[in-house]
Amino acid sequence: MWRSHWKNRTDWFNRRISFVIVGMLTFAAAIPYLLINRFSDFMQRTAFNPETQIDLDIPFVAWMVLPYLSLYLYYPAGAWMGHKDDVMWRQNIVFHQMMLLSCWMCFVVFLLFPVEIDLRHLVTGVEGTGWESWIAAVHGVDKPWNAWPSLHVVQSTQIVLILRYWYPSTTRQVLIWQTLLLICWALLVISTLTLKQHYIWDAITALAFTAITWKYWMKPCLDRLTTKEYQDQFDARMAED
């Protein structure tokens with residue numbers, strides 16, 4: 001599916017691949033997620049209960065809906081920022097394919113070991129405030145299922161890792177941007193707990209899953225694409241009829 005896009009990658013203001021990546025994640029990740037979310041809500045089957053007292057004690061913080069929703073800025077950020085040269089464009093395609101595959105791995109967990117997130121009764125104090133509609137929108141779109149590993153944490157962490165891989169902190173300016181990125185990411189992870197959208201178990205398993213897949217799968221593949229051998233292999237595949 002990438003061949004015609006690779007050959008015409010300079011189209012659409014040199015952003016053709018970026019647009020295709022965002023489209024791929026929308027149709028192959030977001031839509032299946034919503035379908036599985038609704039299916040789990042319909043089935044009402046819980047494999048186990050990971051709830052702890054800490055989950056109950058963590059305070060609900062309404063304004064954390066903002067970092068929670070910031071996840072939807074991470075997807076175009078990853079697609080848009082991998083644009084320096086053809087090496088990075090190749091990595092951009094391969095990384096997002098791996099990101100999609102890891103998303104499907106999480107979908108398998110959602111289907112085989114569904115967990116209901118029974119925390120929304122702790123969402124209080126938003127009635128009549130400016131946050132009420134924001135919280136209602138989150139609850140309307142996302143049923144309290146698809147708990148672990150938290151895709152919010154998995155996918156935001158993957159984007160942070162690829163941006164740090166592409167843009168290491170070699171200058172003061174980049175260091176400042178990387179620091180801001182890490183702060184925003186930390187707030188996003190915390191928001192999954194303070195917004196009562198996830199259990200601690202969900203965040204921990206998401207971080208563990210992301211760390212393992214990055215170290216032993218994603219990063220080695222990205223590193224190989226810096227070598228001429230694998231660049232030639234990539235280009236040969238893209239040149240096939």
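Looking at the structure I just gave you, is Phe19 modelled with pLDDT of 95 or more, closer than 22 Å to Asn92 by Cβ, under 24 Å from the mean Cα position of the chain (by Cα) and exposed (fewer than 14 other Cβ atoms within 10 Å of the Cβ)?
So Phe19 fails the test.
Of the residues that sit in region 188-210 and are assigned to a helix (DSSP H, G or I) and of a type in the set (S, T, N, Q), which one is farthest from Lys143 (Cα to Cα)?
Taking the candidates together, the pick is Thr210.
Within region 90-140, how many residues turn out to be over 25 Å from Trp217 (Cβ atoms), out of contact with any Phe, Trp or Tyr (no Cβ under 8 Å at 6 or more places or on another chain) and in contact (Cβ under 8 Å) with a residue 60 or more places away in the chain?
Final tally of qualifying residues: 6.
Please work out which residue is nearest to Pro220 (Cα to Cα), limiting yourself to region 157-203 and to residues that are among the charged types (D, E, K, R) and surrounded by 15 or more Cβ atoms within 10 Å (Cβ to Cβ).
Out of the qualifying residues, it is Asp202.
Could you check region 127-139 and list, in sequence order, the residues that are within 24 Å of Leu34 (Cβ to Cβ) and either of a type outside the set (Ser, Thr, Tyr) or modelled with pLDDT under 95 (or both)?
Trp131, Glu132, Trp134, Ile135, Ala136, Ala137, Val138, His139
Which of (1) within 20 Å of the chain's Cα centre (by Cα); (2) under 30 Å from Arg3 (Cβ atoms) is the odd one out, the single condition Asn37 does not satisfy?
Of (1) within 20 Å of the chain's Cα centre (by Cα); (2) under 30 Å from Arg3 (Cβ atoms), only one is false for Asn37: (2).
Among the residues of region 53-65, write down those that are surrounded by 14 or more Cβ atoms within 10 Å (Cβ to Cβ) and aliphatic (A, V, I, L, M).
Ile58, Val61, Ala62, Met64, Val65
Quick one: is Ile204 over 18 Å from Ala77 (Cα atoms), free of Cβ contacts under 8 Å to residues at least 40 places away in the same chain and in contact with a Pro (Cβ under 9 Å, 6 or more places away or on another chain)?
yes
So which residues in region 144-156 are in contact (Cβ under 8 Å) with a residue 60 or more places away in the chain, in contact with a Ser or Thr (Cβ under 7 Å, 6 or more places away or on another chain) and either among the polar types (S, T, N, Q) or surrounded by fewer than 21 Cβ atoms within 10 Å (Cβ to Cβ) (or both)?
Asn146 - this is the single residue of region 144-156 that is in contact (Cβ under 8 Å) with a residue 60 or more places away in the chain, in contact with a Ser or Thr (Cβ under 7 Å, 6 or more places away or on another chain) and either among the polar types (S, T, N, Q) or surrounded by fewer than 21 Cβ atoms within 10 Å (Cβ to Cβ) (or both).
Given the residues Ser70, Ser102, Ser40, which is the only one that is surrounded by 15 or more Cβ atoms within 10 Å (Cβ to Cβ), among the hydroxyl-bearing types (Ser, Thr, Tyr) and farther than 22 Å from Ala211 by Cα?
Matching residue, one of Ser70, Ser102, Ser40: Ser40.
Of the residues in region 224-241, how many are within 15 Å of Asp85 (Cα to Cα), in a loop (DSSP other than H, G, I, E, B) and free of Cβ contacts under 8 Å to residues at least 40 places away in the same chain?
Selection size over region 224-241: 1.
Would it be correct to say that Pro50 is in contact (Cβ under 8 Å) with a residue 60 or more places away in the chain, under 16 Å from Val154 (Cβ atoms), surrounded by 13 or more Cβ atoms within 10 Å (Cβ to Cβ) and out of contact with any Pro (no Cβ under 7 Å at 6 or more places or on another chain)?
Answer is no for this residue.
The values are calculated or read from the model by the stated rules, or taken from the named source; none is laboratory data. Note that this is a predicted model, so its numbers are computed, not measured. Quick reminder, even Gly has a Cβ in these numbers, built from the backbone with ideal geometry, and neighbours come from all protein chains shown.
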